[in-house]
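Take a look at the structure set out below.
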Amino acid sequence: MIENLKRTFMPRRLRNVLAPLFLAAGIAALGLIGSARAGAEEDGWARVDLSAAAAAPPAASPSCSPPCSLPVVLSENFDNVTPPALPSDWIATDAIDPDGIFWQTSNSGLPSPAADTAPNAAWVNDPPVLSDKRLDSLHFPFSAASPQLTFRQNFNLEASEIDPNVGFDGGVLEISTDGGNTFHDILAAGGSFVMGGYNRTIAADRGSPIAGRQAWSGNSQGFITTVVSLPFIPTGGRIRWRMASDLSGSNEGWRVDTVTISWCAPVPCQTPQPRPTPAPRPVPSAPPSPHATPAFTPAPRPSP
């Protein structure tokens, strides 16, 4: 269940490409990225036009080195569907389902604001009973080395009012590299937070499905930016946002919006061909000087 997004993903244009070498390599690179773009369009990811840098979310554009690599950015903002539907191939499941409420798109309610980019965001509630609610991204259309995930999140999940390090209900980020069969916490899988990482540890004595784990909990006070350096993602990989609540207590829930995954795609590098060395021009003979003494040839002697 997810949407067909506003698709405008394209590689950043090569600017100030003056030399013939860079021009030739750029043409080859754009052809390769164009093929990837077409595949991503079919697989449901939106396209981000990196030339519109001001509109790109924080850290959306990776730092690549043209002409041997170019940036690719795929995104989802949940705005091309009607709530509560999810975009195509996004999957909401409840491993523990006390109330029949799954992850869904939402354009109103709490926590506020309802979306980072209007009108919609993905949202799930935080019930006063045991639950385990999961949102899996659509599959990754092709493999990527050292990708970066950026998203905006707004959460208000039950946490200790006494200890700022303890959460009761919380959210975690997980990744699957086997097509969604198994998931692991992003940190255990080799990822790392660049900003906006986990802020609490879930209490171990209240029955939470993620007891003892680092997580997002408490109140983010509106949307915040999270940036994650991901491990290698193979074709078919998925990202999961997982909210788990314990045996009692509740709060407003969790919103996720403006999701982007970016990486540098390698492209063929062309080796410059050396210019042929021109043949040396013949040096013209110097004209005789008008003051030169003519060569003297003696007259032959008469025979005796």
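Throughout, read-outs are computed from the coordinates displayed, never taken from laboratory work. Keep in mind that what you see is a predicted model, and the values were worked out from it rather than measured. Backbone-built Cβ (ideal geometry, glycine too); neighbour counts: all protein chains shown.
Details
- By the beta-carbon count within 10 Å of each Cβ, the least crowded to most crowded order of His184, His139, fewest first, is His184, His139.
- Gain on full stretching of the segment that runs from Asp99 to Asp205 - 0.36 nm per residue minus C-alpha separation: 35.9 nm
- Projected label distance in nm at Asn181 and Thr225, using a 7 Å step from Cα toward the beta-carbon: 3.8
- Extension reserve of the Ala145-Asp89 stretch, reckoned as 0.36 nm per residue once the Cα distance is removed: 17.9 nm
- For the pair segment 227-271 / segment 83-141, the C-alpha centres are spaced 15 Å from each other.
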